[in-house]
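Enquirer: I have a structure here, written as structure tokens, and I will follow up with some questions on it.
The values are calculated or read from the model by the stated rules, or taken from the named source; none is laboratory data. Note that this is a predicted model, so its numbers are computed, not measured. Neighbour counts run over all protein chains shown; Cβ positions are idealised from the backbone, glycine included. For accessibility, only protein heavy atoms count, side chains too; no ligands or nucleic acids. Shrake-Rupley method; radii C 1.70, N 1.55, O 1.52, S 1.80 Å.
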Amino acid sequence: MSGVRSREGSAAVRAGLAVGFAAAAYGVSYGALAVAAGLDVWQTCVMSLLMFTGGSQFAFIGVIATGGVAAGPTAIASAAILGIRNGIYGVRVAPIIGGPWWKKVAAAWVTIDETTAVSTNQPTKRSQRIGFWTTAAATFVGWNLTSLVGALIGDALGDPRAWGLDAAAAAAFVGLLWPRLRQVQTIAVASAAAVVAIVLTPVLLPGLPVLVAGVVAVVVGGFNWFANSEPPLVPLEREGA
Amino acid sequence: MTLWLLVIIASLACLALKLAGYLVPPSVLDKPAPSRIANLLTVALLSALVAVQTLGSGTGLQFDARVPALVVAVVLFALRVPFVIVVVLAAVTAALIRLSGWG
């Protein structure tokens, strides 16, 4: 049993470290773009420390870059709209974390795409916890360090797109999604959500298309269309197995 | 100072949203339908994000070097190439295509 336990645990650790490394790569891109948008190095770093959610950070600096401080309300709204996603993840991840309130506050701070995906991709509750905290630590350290690096060397770096850093972010998210695409139901939801988000991108504010695409999950999950043959959640009796 | 204020407000708003999820009682997920939906939501949101990251450009759509880079990533993940190598090769693909003057 302990062999199984350590194998699943170390797989979760490896996944977390790999995802942290990838996040570090596009942290450089965030830092460089933030400074180019008009933030100073301190503001760039405070956002990575406190907000700590890449999508919202990119949205915020994107609005500031084009509209300046005058576009402040729009910048805050864009960041918040993209941040709603993390609240939804929290509902899913909270039962995995458990523990006292301070542990939940710490977990909430680092509840993002990366930690949620790595955690929920693991087979047992124990490896889900290991996956969550390893990814949280690796991503937090990597993202904050490279945000600073990007802010400092932004001028020398030039356009982060020239280095393919935007494509690196998209590829990393495919990697987070990949282990889930084994059942008809999840494949159907992933495909339909992608189509909905693309169709809505030209007509809605940035951030909203992704949220509306979440309706696909509510409908398919609610009616249990394309039903899976195996249960979607880790059965509780496997805890500590 | 004003930009500082914006940075702080936006950051606190995002933190508050993260905390809100943890205030939902875990017993909500005891029933099959809500637990199924919560699980599928992570899949739907991630997939929608990938789509927008690959084709989105502000409030428009743009077909550029990100698309072939994503195709490379999908093929490599299907071949079970390790995560970090796939991410690096996807970036290299996009960078080389842009170096050649397209996308």
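Enquirer: Checking the condition of a type in the set (Phe, Trp, Tyr) and facing chain B (nearest Cβ under 7 Å), which residue from A:Phe173, A:Phe223 passes?
Expert: Values: A:Phe223 fails: facing chain B (nearest Cβ under 7 Å).
Result of the check over A:Phe173, A:Phe223: A:Phe173.
Enquirer: Here's another thing I want to ask about it. Out of the residues in segment B:72-103 that are β-branched (Val, Ile, Thr) and within 15 Å of A:Asp166 (Cβ to Cβ), state the one that is nearest to the other protein chains (Cβ to nearest Cβ). Working first, answer last.
Expert: Step one: of segment B:72-103, the residues β-branched (Val, Ile, Thr) are B:72, B:74-75, B:81, B:84-88, B:92-93, B:97.
Now restrict to residues that are within 15 Å of A:Asp166 (Cβ to Cβ): B:72, B:87-88, B:92-93, B:97.
Numbers: B:Val72: 8, B:Val87: 5, B:Val88: 7, B:Val92: 6, B:Thr93: 7, B:Ile97: 8 Å.
Selected residue: B:Val87.
Enquirer: Another question, then. Within segment B:30-57, which residues are facing chain A (nearest Cβ under 7 Å) and surrounded by fewer than 18 Cβ atoms within 10 Å (Cβ to Cβ)? Please lay out each step first, then the result.
Expert: Start the filter on segment B:30-57 by keeping residues that are facing chain A (nearest Cβ under 7 Å), which leaves B:33, B:35-56.
Once the filter is applied, which keeps residues that are facing chain A (nearest Cβ under 7 Å) and surrounded by fewer than 18 Cβ atoms within 10 Å (Cβ to Cβ), segment B:30-57 yields only B:Ala33.
Enquirer: Cβ-Cβ distance below 8 Å, separation of 6 or more or different chains: which pairs start in segment B:21-32 with a residue that is on the phi < 0 side of the Ramachandran plot and end on one that is open to solvent by less than 50 Å² (accessible area, probe 1.4 Å) and of a type in the set (Phe, Trp, Tyr)?
Expert: As it stands, the answer is B:Gly21/A:Tyr89, since those pairs meet every condition given.
Enquirer: Now a separate question. Within segment A:32-60, how many residues are in a helix (DSSP H, G or I) and either of a type in the set (Ser, Thr, Tyr) or under 20 Å from B:Leu15 (Cβ atoms) (or both)?
Expert: Initial filter on segment A:32-60 (in a helix (DSSP H, G or I)): A:32-37, A:41-51, A:54-60.
With either of a type in the set (Ser, Thr, Tyr) or under 20 Å from B:Leu15 (Cβ atoms) (or both) added as a condition, the list becomes A:34, A:42-51, A:54-60.
Selection size over segment A:32-60: 18.
Enquirer: Kindly provide the set of residues from segment A:146-166 that are within 21 Å of the chain's Cα centre (by Cα) and at positive phi, ordered by number.
Expert: A:Gly164
Enquirer: Restricting to segment A:93-103, count the residues that are closer than 16 Å to A:Ser127 by Cβ and not aliphatic (A, V, I, L, M). Steps first, please.
Expert: Step one: of segment A:93-103, the residues closer than 16 Å to A:Ser127 by Cβ are A:93, A:95-98.
Adding the requirement that they be not aliphatic (A, V, I, L, M) leaves A:95, A:98.
Of the residues in segment A:93-103, 2 are closer than 16 Å to A:Ser127 by Cβ and not aliphatic (A, V, I, L, M).
Enquirer: Regarding A:Gly164, is this residue touching a residue at least 12 places away in the same chain (Cβ under 8 Å) and facing chain B (nearest Cβ under 10 Å)? Before you say what the answer is, go through the steps one by one.
Expert: On the way: touching a residue at least 12 places away in the same chain (Cβ under 8 Å): no; facing chain B (nearest Cβ under 10 Å): yes.
The answer is no for A:Gly164.
Enquirer: Would you point out which residue out of A:Trp143, A:Trp178, A:Trp133 is modelled with pLDDT under 95 and either within 17 Å of the chain's Cα centre (by Cα) or more than 23 Å from A:Gly83 (Cα to Cα) (or both)? Walk me through it before giving the result.
Expert: Values: A:Trp143 fails: modelled with pLDDT under 95; A:Trp133 fails: modelled with pLDDT under 95.
Among A:Trp143, A:Trp178, A:Trp133, only A:Trp178 is modelled with pLDDT under 95 and either within 17 Å of the chain's Cα centre (by Cα) or more than 23 Å from A:Gly83 (Cα to Cα) (or both).
Enquirer: What residue, among those in segment A:57-110 that are touching a residue at least 40 places away in the same chain (Cβ under 8 Å) and of a type outside the set (A, V, I, L, M, F, W, C), is surrounded by the most Cβ atoms within 10 Å (Cβ to Cβ)? Show your work before the answer.
Expert: Restricting attention to segment A:57-110, the residues satisfying the condition of being touching a residue at least 40 places away in the same chain (Cβ under 8 Å) are A:59, A:62, A:77-78, A:81-82, A:84-85, A:88, A:109-110.
Among the residues that remain, those that are also of a type outside the set (A, V, I, L, M, F, W, C) are: A:62, A:78, A:85.
Values: A:Gly62: 19, A:Ser78: 25, A:Arg85: 29.
Out of the qualifying residues, it is A:Arg85.
Enquirer: Is there a residue in segment A:1-11 that is within 14 Å of B:Leu3 (Cα to Cα), in contact (Cβ under 8 Å) with a residue 40 or more places away in the chain and part of a helix (DSSP H, G or I)? Lay out the reasoning, then the answer.
Expert: The first filter runs over segment A:1-11 and keeps only residues within 14 Å of B:Leu3 (Cα to Cα), leaving none.
The answer is no; no qualifying residue exists.
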